[in-house]
Structure formats: structure tokens, C-alpha cells
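Participant: Take this structure first; my questions come after.
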Amino acid sequence: AKVEGKNQYKAYSSVKDIKTFKAFSIENSLHKAMDMKEFELYYQPKIDIHTNQIIGAEALIRWNHPVWDLVSPKEFISLAEDTGLIIPIGTWVKETACRQNKKWQEEGLKIVPIAVNISAKRFMQKEFVKSIERILKDVQLDPQFLEIEITETSLMENEELAIEVIRQLSELGLKVSLDDFGTGYSALSYLKQFKVDTIKIDSTFIKEIGKNNQDELIVKGIINLIHSLNINVIAEGVETEDQLTFLREHKCNQVQGYLYSRPVKAKEFKELLKKGKID
Ligand code: C2E
Ligand code: CA
Ligand code: CA
Ligand code: CA
């Protein structure tokens, strides 16, 4: 990895730990986590494959639990969805990402769009677009510097509504990305209707590059299809030079993954922004 970060990458707690902790009243812990400021955003750069320039970032939530070390967001986000706490947590994520980006801009850095992950439930709620508008206004951040990542599967729950929400977000000037592409069951013809800016090829396909010929064909096919629709494509979970070479050969222009950088703390991402690129 080109950027290793400094000591902050502890392993996630095990599933067993989490089950015990679940029994310990999740809702309380999550509430407390909000109050005690145990959440933190990490930032992972998105890179232009040809120039190595940082063209964006994804904000990823971390829970610095005092006892359980790092709990994987995969675990607690789904718990938060069940308890409804995803709303305040999601608001915190958006506000924090926007404030941070605004601060960097005021410090004279050349900022990039920061993407936040939106849970399916939240995306379909009536107040969602309004809450985004409010945050952007409060923070006084240009909407082009906030990006929304939604999963393919979440759009399929209510296609009509999803199309409308994407339209509203675009109208506000935000960028929208379709996350984890290839893992759902959506017919490719739907892609045309969802007017997203970028599609993120899921890491499960990238991992098979150089190993599984069929998956390589799928990646090639996906890239061509997305480009034929005039949509931007980014590969997630890029870990090796071989994967990078394959993606470059097949005209995937953007990548995100450990090869360039792990998700890093704000302070460290600021240093990356100052350089503007990762060589
Ligand atoms: P995701 O949106 O697909 O995020 C990408 C995940 O891949 C992140 O895991 C990231 O750390 C990891 N990753 C990035 N590059 C590499 C790589 O080269 N190799 C490998 N093995 N992994 C890589 P993370 O941070 O553990 O997040 C897991 C999931 O939790 C995310 O998947 C997303 O669905 C969810 N999540 C994280 N933060 C938030 C949030 O603020 N809100 C919501 N709703 N969901 C979040
Ligand atoms: Ca994502
Ligand atoms: Ca993803
Ligand atoms: Ca994923």
C-alpha cells in the first residue's frame, strides 16, 4: 500500500464480541456513542488512474468503542437501521463530512467531492432531500462537493421513487454514485433510468482479476456498458498493481483501494489533499 497510515488500523472486533455486546443493549450503546462522540469519519481517496490525482473521497464511519475496539460499520449500521438510530447517525455523518470539507476549503486547499453512504431506508424517506439541503445551507458548502453513494439494491425497492430522488439531488447540484454495482439483481436496462454520475464496480469482481476469467469478462463488459451510457466508472477495492494494469487496459479511469490508500483520519487526508496526488 502506498499510504499505510500510522497505527490507527486496529482489527475489527470479532463477531462473537459483537453478539455479546448486542445482548448488552445495542440501542443504549449507540445512543451513548453519539453523546460520547465515539464516532469518527475516515476518508479514502478516489484516484484518477492516469494522473494519480485525488479526484474525490469516500467518508467511512468508525466507532471508537471504549471496550470493543473498532466495531465494523457493516455490523452497527444494520443495527442502527433496525433501531431508527440511523437517522441521527446519518445526519452526523453528512454534517461532519460537509463541515470538514468546508474547513479545508477555507484553509485554502483544493477540495474534492466527499461521498457519504446513504442507507436504503433513509434514501426513500420524504425528508431526506430536505435534510441534505438544510445541511448544505448551514455549512455553506457548494453542493458539488457532496456526493451521495447509494447501493444498487436499495434503488430496486422502489424504482420510481429512486429515480425521482436522484433527479432532485442532481438538480441541487450533488453528485450521485451507484455503490456495490454487480452484486444486486437489477436488469442492466434500468441503468439508463437512474441518472447517476458514477457507477462503482463492486470489489468482489476486482478481487478476481487475474484469477477468474469469467469475472474478468464481466468487469470488461460492465466498463463498456457504463461508458456506452456516458456514465463514469470507478473500481473499488483495488489492491494490486495487476488489477490496476487490467483496469487501465480496459479503460476504467478511476480507482479506490488499499493500493493507493486505506481510509485515513481527517488529519492524514488533509496531507494527501495538500499534495493533490498519490504516487
Ligand atoms: P462500502 O460503501 O462498500 O465501503 C467500502 C468498504 O471497503 C469500506 O469498508 C472500506 O474500508 C473497504 N475498502 C476500501 N478499499 C479496500 C481494499 O482495497 N480492500 C479491502 N479489502 N477493503 C477495502 P468499511 O469502512 O468497513 O465499511 C463497510 C460498509 O459499511 C461500507 O461498504 C458501507 O456499506 C457501510 N458504511 C460505512 N460507513 C457508513 C456510513 O457512514 N453510513 C452508512 N449508511 N453506511 C456506512
Ligand atoms: Ca460506499
Ligand atoms: Ca461499495
Ligand atoms: Ca461493499
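Participant: With the requirement that a residue be among the small types (Gly, Ala, Ser), in contact with a helix residue (DSSP H, G or I) (Cβ under 6 Å, 6 or more places away or on another chain) and either part of a strand (DSSP E or B) or under 17 Å from Asn158 (Cα atoms) (or both), what does the stretch 176-204 give you?
Facilitator: Within the stretch 176-204, Gly184, Ser186 qualify.
Participant: Somewhere in the stretch 114-137, is a residue at negative phi, at pLDDT 95 or above, touching a strand residue (DSSP E or B) at 6+ places or on another chain (Cβ under 6 Å) and away from ligand 4 (no atom under 16 Å from the Cβ)?
Facilitator: yes
Participant: Name the pairs: first residue in the stretch 209-222 and closer than 13 Å to Glu249 by Cα, second residue at pLDDT below 95 and exposed (fewer than 15 other Cβ atoms within 10 Å of the Cβ), Cβ to Cβ under 8 Å, at least 6 apart or on different chains?
Facilitator: Filtered contacts from the stretch 209-222: Glu216/Gly210.
Participant: Then there is this: Residues in the stretch 218-237: is at least one at positive phi, of a type outside the set (Phe, Trp, Tyr) and within 16 Å of ligand 2 (Cβ to nearest atom)?
Facilitator: yes
Participant: Next question, about the same structure. For the subset of the stretch 49-62 comprising residues that are more than 10 Å from ligand 1 (Cβ to nearest atom) and open to solvent by less than 40 Å² (accessible area, probe 1.4 Å), which member is farthest from Asp179 (Cα to Cα)?
Facilitator: Asn52
Participant: Taking Val219, is it of a type outside the set (D, E, K, R), buried (at least 17 other Cβ atoms within 10 Å of the Cβ) and under 25 Å from Cys98 (Cα atoms)?
Facilitator: Judged against the criteria, Val219 is not a match.
Participant: Residues being surrounded by fewer than 19 Cβ atoms within 10 Å (Cβ to Cβ) and among the small types (Gly, Ala, Ser): count how many of those fall in the stretch 97-110.
Facilitator: Residues in the stretch 97-110 being surrounded by fewer than 19 Cβ atoms within 10 Å (Cβ to Cβ) and among the small types (Gly, Ala, Ser): 1 in total.
Participant: If you don't mind, there's one more thing I want to ask. Out of the stretch 133-186, which residues are open to solvent by 50 Å² or more (accessible area, probe 1.4 Å), closer than 30 Å to Glu106 by Cα and among the acidic types (Asp, Glu)?
Facilitator: Glu133, Asp138, Asp142, Glu171
Participant: If you take the residues of the stretch 238-269 that are under 18 Å from Glu40 (Cα atoms) and part of a helix (DSSP H, G or I), which of them is least open to solvent (accessible area, probe 1.4 Å)?
Facilitator: Of everything passing the filter in the stretch 238-269, Phe269 is least open to solvent (accessible area, probe 1.4 Å).
Participant: Here is a follow-up. Among the numbered criteria (1) assigned to a helix (DSSP H, G or I); (2) within 30 Å of Lys103 (Cβ to Cβ), which one does Thr153 miss?
Facilitator: With respect to (1) assigned to a helix (DSSP H, G or I); (2) within 30 Å of Lys103 (Cβ to Cβ), Thr153 is out only on (2).
Participant: Among the residues of the stretch 111-126 satisfying the criterion of being outside any helix (DSSP H, G or I) and farther than 19 Å from Pro263 by Cα, which is least open to solvent (accessible area, probe 1.4 Å)?
Facilitator: That would be Ser119.
The values are calculated or read from the model by the stated rules, or taken from the named source; none is laboratory data. Keep in mind that this is a model prediction, so the values were computed, not measured. Counting neighbours? That spans all protein chains shown, and the Cβs are built from the backbone with ideal geometry, glycine included. Remember, those area values only see protein heavy atoms, side chains included, never the ligands or the DNA or RNA. Shrake-Rupley method; radii C 1.70, N 1.55, O 1.52, S 1.80 Å.
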